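S.K.: The structure's right below; bear with me while I get my questions together.
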Amino acid sequence: MTAAGCQLVASCDLAVASEEARFATPGVNIGLFCSTPMVALSRNVGRKRAMEMLLTGEPVGARRAAEIGLVNTVVPAEELRGATMDLARKVAASSTATVAVGKRAYYEQVEMPLAEAYEHAQRVMVENMLMRDAEEGIGAFLQKRHPAWEDR
């Protein structure tokens, strides 16, 4: 995955890569800095790693991409579809309303100063606790059964 492909992976909430995958922002090598891939990349990997990729254009292998946080997991190519579907099923097993609240809160707080982020998280926790699915999830946990999500 180069340039826009690397940007797409960096823009995803979760990413599974095959062992053969390679990621790069090679624009610098042809006089065209990868400025739009830079935005997503710099928000998903450490500054020094992002700068290394952006300034050298050198490809990063899948294992290294996982180490620096560009992808979540690396699997053999023949297991890629199954591993991706397993991850999707795990997320889909939760209340969609709860996942939506969590994703929204995550992206809202991530750029806030620490104290403001904690205040925001507290407000979100109260909002979440008042949702029907929180009541169902806690009840199911206490009763040792699977929750029946209503997605509200």
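None of the figures in this text is laboratory data; all of them are computed from the coordinates on show. Please read these numbers as outputs of a predicted model, since none were measured by experiment. Backbone-built Cβ (ideal geometry, glycine too); neighbour counts: all protein chains shown.
S.K.: Go through segment 114-131 and give me each residue that's surrounded by 13 or more Cβ atoms within 10 Å (Cβ to Cβ) and of a type in the set (S, T, N, Q).
M.R.: N128
S.K.: Which of the following residues is in contact with a helix residue (DSSP H, G or I) (Cβ under 8 Å, 6 or more places away or on another chain), surrounded by 14 or more Cβ atoms within 10 Å (Cβ to Cβ) and either under 23 Å from L14 (Cα atoms) or among the aliphatic types (A, V, I, L, M) (or both): A140, A134?
M.R.: Just a single option satisfies the conditions, and that option is A134.
S.K.: The conditions are (1) of a type outside the set (V, I, T); (2) within 25 Å of R89 (Cβ to Cβ); (3) part of a helix (DSSP H, G or I); (4) in contact with an Asp or Glu (Cβ under 8 Å, 6 or more places away or on another chain), and W149 fails exactly one of them. Which is it?
M.R.: (3)
S.K.: How many residues are more than 17 Å from the chain's Cα centre (by Cα) and small (G, A, S) if we restrict to segment 49-92?
M.R.: Number satisfying all stated conditions: 4.
S.K.: On to the next question. Specify which of the listed residues (R81, R123, R132, R63) is under 26 Å from S18 (Cβ atoms) and either in contact with an Asp or Glu (Cβ under 6 Å, 6 or more places away or on another chain) or without any contact (Cβ under 8 Å) to a residue 40 or more places away in the chain (or both).
M.R.: Testing whether each residue is under 26 Å from S18 (Cβ atoms) and either in contact with an Asp or Glu (Cβ under 6 Å, 6 or more places away or on another chain) or without any contact (Cβ under 8 Å) to a residue 40 or more places away in the chain (or both) leaves just R81.
S.K.: Could you list, in sequence order, all residues of segment 13-51 that are touching a helix residue (DSSP H, G or I) at 6+ places or on another chain (Cβ under 9 Å), closer than 28 Å to E108 by Cβ and either free of Cβ contacts under 8 Å to residues at least 24 places away in the same chain or basic (K, R) (or both)?
M.R.: Across segment 13-51, the qualifying residues are S35, M38, S42, R43, R49, A50, M51.
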